[in-house]
Amino acid sequence: MIMDVFENLFGLFRTKTDKYGGLWVKRFNISKENLDTCNGVAKPDPKTRTCAICVALNDTVFHLANRPRLSRHLHCKCEHMQEQELNATLDFDMRKITHYLFVHPSKAGLIESMGYTIEDALEVYNAIAANALARYAEGDYELDVLNCNGQHIDIEIALPGKREKVGHIYEFYTGWIAYPHGKLKNATPFAGWKEKEA
C-alpha cells in the first residue's frame, strides 16, 4: 500500500514542471564524500580539502530558486549542474509514525486531536509521504538549519481530519534532510503547526 502511493505519483516526480518553472540543480564538488558515504554525519575530506558543510551538500538536489548559497567560504570548490529531471525518493521509516508520532508524550495528543488512532498509522504515513514528495517536486519547501548532518528543510503537510474531526484540515510542518541524488530523509513527521495567516 505504501508503494502504491509512490507508484501513483511517479510521473509527477520525474517532471520538471513546478511553480518556479522547473529548473533543478545538483550541487557537487571534487570530493567523493557525501552524507551517504559518511553515514549521515559529514566530516572534512582532507584528500580534497573539502569542508564538512560542503561534503554534507555534495550531490544534493535543489530548486534553483530555493537552494543553499553556492559559495559558502573562500576558495569553495562547489558548483551547480542542471538536472534534466527530478527523481525524488524518501527515506521515511514507518516507525516514525507507529513508534513516535502516536506514542511520544509530546506528539500523541496532537495526532489524536485530528481524529486519528494507531489503527490509522498507515493512512497517516501515506498522506505525509505523498504531501512531502509532491511539495518537494514543486520546489515548495523552506530551507532550515545547515550543519554536518545536512541541509534541513521543512515541508508543509495538509492532513484532513478523521472521525469527529472530518471537515477540518490540519496544516503542519514535517522535517527532512536533503541527501544525495534527490533523496529526502525524514527527521521528524511533526515539526510544528503552520501559523495561521492574519
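The values are calculated or read from the model by the stated rules, or taken from the named source; none is laboratory data. Predicted model only: the values in this text are computed from it and were never measured. All Cβ positions, glycine included, derive from the backbone under ideal geometry; neighbour counts span all protein chains shown.
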Checklist entry - Any idea how many residues of region 51-70 are closer than 16 Å to M81 by Cβ and touching a residue at least 40 places away in the same chain (Cβ under 8 Å)? => result 11
Item to check | Matching entry among G139, G40 (being at positive phi, in the same structural domain as K162 (by TED's automatic domain parsing) and either touching a residue at least 24 places away in the same chain (Cβ under 8 Å) or among the polar types (S, T, N, Q) (or both)) | outcome: G139
Checklist entry - Any chance region 145-152 includes a residue that's in contact with a strand residue (DSSP E or B) (Cβ under 8 Å, 6 or more places away or on another chain), part of a helix (DSSP H, G or I) and either assigned by TED's automatic domain parsing to the domain that holds E33 or within 28 Å of E33 (Cα to Cα) (or both)? => result no
Next on the checklist: With the structure loaded, tell me whether G175 is closer than 30 Å to N29 by Cα, in contact (Cβ under 8 Å) with a residue 60 or more places away in the chain and in contact with a His (Cβ under 7 Å, 6 or more places away or on another chain) or whether it fails that test.
Outcome noted: no
Checklist entry - Looking at region 122-142, which of its residues are surrounded by fewer than 19 Cβ atoms within 10 Å (Cβ to Cβ) and more than 10 Å from the chain's Cα centre (by Cα)? => result L122, E123, N126, A127, A130, N131, A134, E138, D140
Checklist outcome for this item: Picked from region 153-182 (must be small (G, A, S) and assigned to a strand (DSSP E or B)), the residue farthest from V41 (Cα to Cα) is A158
Checklist entry - So T188 clears everything in (1) surrounded by 19 or more Cβ atoms within 10 Å (Cβ to Cβ); (2) within 18 Å of Y100 (Cβ to Cβ); (3) polar (S, T, N, Q) except one condition, right? Which one? => result (1)
Checklist entry - Taking into account only those residues within region 136-156 that are in contact with an Asp or Glu (Cβ under 7 Å, 6 or more places away or on another chain) and modelled with pLDDT under 95, which is nearest to A65 (Cα to Cα)? => result G139
Next on the checklist: Being over 16 Å from the mean Cα position of the chain (by Cα), over 20 Å from M81 (Cα atoms) and not basic (K, R) is the filter here; which residues of region 23-50 pass it?
Outcome noted: T37, C38, N39, V41, A42, P44, D45, P46
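So that you can scan it fast, the table gives a plain yes or no per residue for (1) touching a strand residue (DSSP E or B) at 6+ places or on another chain (Cβ under 8 Å); (2) touching a residue at least 24 places away in the same chain (Cβ under 8 Å):
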{"position": "E79", "(1), (2)": "yes, yes"}
{"position": "T89", "(1), (2)": "yes, yes"}
{"position": "F92", "(1), (2)": "yes, yes"}
{"position": "K96", "(1), (2)": "yes, yes"}
{"position": "V103", "(1), (2)": "no, no"}
{"position": "S106", "(1), (2)": "no, no"}
{"position": "I111", "(1), (2)": "yes, yes"}
{"position": "G115", "(1), (2)": "no, yes"}
{"position": "V124", "(1), (2)": "yes, yes"}
